[in-house]
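A.B. asks: If you scroll down you'll find the structure; I have some questions about it.
Read the figures in this text as sums done on the coordinates, not as results from a lab. Model, not experiment: these values are computed from the prediction. Note: ideal-geometry Cβ built from the backbone for every residue, glycine included; neighbour counts use all protein chains shown.
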Amino acid sequence: MNLYKRLPKHIGVIPDGNRRWAVSKGLDKKEGYNYGINPGFKLYELCKDMGIEELTLYGFTVDNTKRPAAQKTAFQEACVNAVMDLIDKDAQLLVVGNTQSSCFPKELLPFTKRVKFGSGKIKVNFLVNYGWDWDLKYKGGLASSDISRIDLIIRWGGRRRLSGFLPIQSVYSDIYVLDELWPDFKPNQLYQALDWYQSQDITLGG
């Protein structure tokens with residue numbers, strides 16, 4: 001049962017802190033990305049059950065591909081594994097990112113047009129090899145034009161920045177930052193953000 005008077009239609013997620021989490025556990029930095037998959041599905045299930053209409057998750061950016069090769073391979077594989085696991089669930093999936101680059105996983109090309117799985121109850125957008133400047137300069141218009149305006153952005157990992165996350169769709173987003181690292185996701189963190197969202201004054205500049 002939904003106890004919130006007002007729910008965001010669209011939640012954006014910046015799942016930061018995978019590498020810091022891995023180091024804190026005595027693991028190699030690259031191992032953190034794989035531990036970020038299950039939290040994403042937990043969040044997806046919670047949002048779907050609440051009736052959130054759209055969910056956008058940051059996979060990796062064009063700038064992230066400058067990291068060491070082992071880390072780059074690890075987050076590319078984590079993104080592919082996450083998408084393949086979503087096929088068995090209910091969603092309308094769209095992957096947005098620079099497909100012309102060798103850094104874009106070819107396995108995800110079929111999902112660069114929105115694909116429906118199951119009942120398609122919730123729209124899920126996944127940003128993979130995404131760059132804000134690439135998006136804005138895309139030939140023929142905004143590359144992410146099929147993604148709606150974001151009401152609430154939740155960032156894990158304590159950083160107070162957007163890191164290039166969908167600059168057009170986030171223009172009037174409320175932003176909630178959690179200090180917890182993404183692999184340590186717990187449902188209460190989402191509830192914290194939604195509790196905070198209840199008190200925000202949504203004017204859209206009016």
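A.B. asks: Provide the gained length on full extension for the span V23 to D49, in nm with one decimal, where the gain is 0.36 nm per separating residue minus the Cα-Cα distance.
C.D. replies: 6.0 nm
A.B. asks: Ok, one more. Helices from the chain with mean Kyte-Doolittle at least 1.6 and a Cα length along the axis of 18 Å or more, per DSSP H: which?
C.D. replies: Numbers: long enough: 37-50 (20 Å, -0.16); 69-86 (26 Å, 0.35).
Span-like helices here: none at all.
A.B. asks: Where both residues lie in the range 64-143, what percent of DSSP beta bridges are antiparallel, nearest 5?
C.D. replies: 40
A.B. asks: Between L136, A91, Y191, whose Cα lies farthest towards the positive end of the dipole of the chain when Lys and Arg beta carbons carry +1 and Asp and Glu beta carbons carry -1, centred on the Cα centre?
C.D. replies: Projecting each Cα onto the dipole axis, the largest value belongs to L136.
A.B. asks: Another question, then. Apply 1/(1 + (r/R0)^6) to the Cβ-Cβ distance of L142 and I87, taking R0 = 41 Å, and write down the FRET efficiency to the nearest 0.05. Mind dumping the intermediate values first?
C.D. replies: Details: r = 27 Å, r/R0 = 0.65.
That pair, L142 with I87, gives E of 0.95.
A.B. asks: Where in the range 158-181 is the amide nitrogen less than 18 Å from a point lying 7 Å along the Cα-to-Cβ axis of W196?
C.D. replies: Counting backbone N atoms under 18 Å from the label point, the list is 158-165, 170-181.
A.B. asks: While we're on this one: Using a 7 Å offset from Cα along Cα-Cβ at T99, what residues in the range 130-172 end up with backbone N under 20 Å from the label point?
C.D. replies: It comes to 130-148, 166, nothing else.
A.B. asks: Neighbour counts of other C-beta atoms within 10 Å: give me Y176, Y33, Y4 arranged from fewest to most.
C.D. replies: With the fewest neighbours first, Y176, Y33, Y4 line up as Y4, Y176, Y33.
A.B. asks: Let me ask something additional. Can you give the Rg to Rh ratio of the chain, both from alpha-carbon atoms, with Rh computed by the Kirkwood formula?
C.D. replies: Reported Rg/Rh, Kirkwood definition of Rh: 0.94.
A.B. asks: Taking 29 Å as the cut-off for C-alpha to C-alpha distance, list the pairs among K29/K121; K89/K186; K9/K113; K5/K139; K72/K137 that go past it.
C.D. replies: Result: K29/K121; K5/K139 exceed 29 Å.
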